[in-house]
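Asker: One structure, as structure tokens, below. Some questions next.
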Amino acid sequence: EKGGYDYFMLKEIAEQPQAIADTLLGRLSDRGEIVLDEVRLTDQDLRDIDKVFIVACGTAYHAGMVAKYAIEHWVRIPCEVELASEFRYRDPILDRSTLVIAISQSGETMDTLMALRHAKEQKARVLAICNTNGSTIPRESDAVLYTHGGPEIAVASTKAFLTQLVATYLIGLHLAQIRGVMYADEVAAVVEKLRSTPDALRELLNSMEDVRALARDLKTASTVLFIGRHVGFPVALEGALKLKELAYMHAEGFAAGELKHGPIALIDQGTPVVCVVPSPAGRGVMRDKVVSNIQEVRARGARTIVIAEEGDEDVRAYADHLITVPHTPTLLAPLMTTVPLQILACEIAAARGHDVDQPRNLAKSVTVE
Ligand code: F6R
């Protein structure tokens, strides 16, 4: 049943190209438009929205963080992302013109369900992104976009995360298209890139051999830090979460620019720092900023594991260990950069002798608040 893999998690990581392709299936027209007829909100409803809130927990929350960058950039309406467990206790400002997007693999996470019930009481429109047909969260939502990732058995979420990203990209592009803020050819250009991600990901998955050796080296580290900027920041948080939950190691993710405001004091001789580097394409301003953050941590003795785009040759000088990923436009990069971090956490956990699919103290779906 594990299809020749040692763990469900590795099988599910390998299934990611197909999971993305399945989530795109039937939702892109030949002309490169987004077709979301299944989302039962009228075009007028979607035009009336003036604010988006995304609520989710854990890995799904990290997908929401990426979505915020994409939605604000493409749709030009404010988008906030919030931990579902905090949302309703804060008395957020919601009304009929607010779209609340609840992201949940299982569709049964109590914190997310309570957040969406609160949103509905306040008359907001609720759209679920969910991987489980007929589960509670989509049943209680006004509309649903299913991720077609197939069943996720391992406790740690992998393919669900990438398909959640794809679903939020589709929603963002759909909103931009309907509201007329992106030209048809701009939408079509992103769609074209989305269509090519399964092949790019297959290529990436075939080049992950050295991550296993790296995992053996890192398995005795007392802490592992992850840094990223822009959409690389949620990727850093996700890499740290995976390592904590699977390897039971101390790990933390930071926005690369925040390090100098305190956390850089954690860095000691040999501290592993995983650095998610943005694409050098375009003006590459963000990429250069992250590279200077890498220099800062190296100056304090860090050992750097750098995730960068193929062809970014200059970054090599700052990497004790370099992992390259195929080129993608910036907003889509998490579909690539997350994957080596999933494998790294899985392999470190296995090297430490842990049950990768069933980490201690954790359940696949958390049905208590
Ligand atoms: C981490 C993980 C959890 C879930 C979170 C939300 O690997 O799996 O953080 O992402 O519990 O679960 P869902 O998406 O089912 O609402």
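The values are calculated or read from the model by the stated rules, or taken from the named source; none is laboratory data. All of these numbers come straight from a predicted model, not from anything done at the bench. Note that we place each Cβ from the backbone using ideal geometry, even for glycine, and neighbour counts take in every protein chain shown. Remember, those area values only see protein heavy atoms, side chains included, never the ligands or the DNA or RNA. Shrake-Rupley method; radii C 1.70, N 1.55, O 1.52, S 1.80 Å.
To keep it simple, each residue is scored yes or no on (1) touching a residue at least 12 places away in the same chain (Cβ under 8 Å); (2) assigned to a helix (DSSP H, G or I); (3) away from the ligand (no atom under 14 Å from the Cβ); (4) open to solvent by less than 10 Å² (accessible area, probe 1.4 Å).
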residue	(1), (2), (3), (4)
Asp111	yes, yes, no, no
Ser157	yes, no, no, no
Leu162	yes, yes, no, yes
Ala167	yes, yes, no, yes
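Asker: Is there any pair with a first residue in the range 17-32 that is open to solvent by 30 Å² or more (accessible area, probe 1.4 Å) and a second that is of a type in the set (Phe, Trp, Tyr) whose Cβ atoms are under 7 Å apart and which are 6 or more apart or on different chains, and what are they?
Answerer: none
Asker: If you take the residues of the range 122-155 that are open to solvent by 10 Å² or more (accessible area, probe 1.4 Å), hydrophobic (A, V, I, L, M, F, W, C) and out of contact with any Lys or Arg (no Cβ under 6 Å at 6 or more places or on another chain), which of them is farthest from Ile101 (Cα to Cα)?
Answerer: Out of the qualifying residues, it is Ile153.
Asker: Would you call Gly301 assigned to a loop (DSSP other than H, G, I, E, B) and under 22 Å from Asp210 (Cα atoms)?
Answerer: Taking the combined requirement at face value, the residue does not satisfy it.
Yes/no matrix, rows are residues, columns are (1) touching a His at 6+ places or on another chain (Cβ under 8 Å); (2) open to solvent by less than 60 Å² (accessible area, probe 1.4 Å):
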{"site": "Ala189", "(1), (2)": "no, yes"}
{"site": "Arg195", "(1), (2)": "no, no"}
{"site": "Leu201", "(1), (2)": "no, yes"}
{"site": "Glu209", "(1), (2)": "no, no"}
{"site": "Ala213", "(1), (2)": "no, yes"}
{"site": "Val224", "(1), (2)": "yes, yes"}
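Asker: Let me ask another. What residue, among those in the range 45-67 that are of a type outside the set (A, V, I, L, M) and in contact with a helix residue (DSSP H, G or I) (Cβ under 9 Å, 6 or more places away or on another chain), is surrounded by the fewest Cβ atoms within 10 Å (Cβ to Cβ)?
Answerer: If we take residues in the range 45-67 being of a type outside the set (A, V, I, L, M) and in contact with a helix residue (DSSP H, G or I) (Cβ under 9 Å, 6 or more places away or on another chain), then Arg47 is surrounded by the fewest Cβ atoms within 10 Å (Cβ to Cβ).
Asker: While we're on this one: Looking at the range 266-281, can you tell me whether even one residue there is assigned to a helix (DSSP H, G or I) and more than 16 Å from the ligand (Cβ to nearest atom)?
Answerer: Yes; the residues of the range 266-281 include at least one that is assigned to a helix (DSSP H, G or I) and more than 16 Å from the ligand (Cβ to nearest atom).
Asker: Continuing with the same structure: Among the residues of the range 286-302, are any within 15 Å of Ala256 (Cα to Cα), open to solvent by 10 Å² or more (accessible area, probe 1.4 Å), of a type outside the set (D, E, K, R) and at pLDDT below 95?
Answerer: The answer is yes, given that some residue of the range 286-302 is within 15 Å of Ala256 (Cα to Cα), open to solvent by 10 Å² or more (accessible area, probe 1.4 Å), of a type outside the set (D, E, K, R) and at pLDDT below 95.
Asker: Considering (1) open to solvent by 10 Å² or more (accessible area, probe 1.4 Å); (2) in contact (Cβ under 8 Å) with a residue 40 or more places away in the chain; (3) outside any loop (DSSP other than H, G, I, E, B), say which one His230 fails and leave the rest.
Answerer: Evaluating His230 over (1) open to solvent by 10 Å² or more (accessible area, probe 1.4 Å); (2) in contact (Cβ under 8 Å) with a residue 40 or more places away in the chain; (3) outside any loop (DSSP other than H, G, I, E, B) leaves (3) as the failure.
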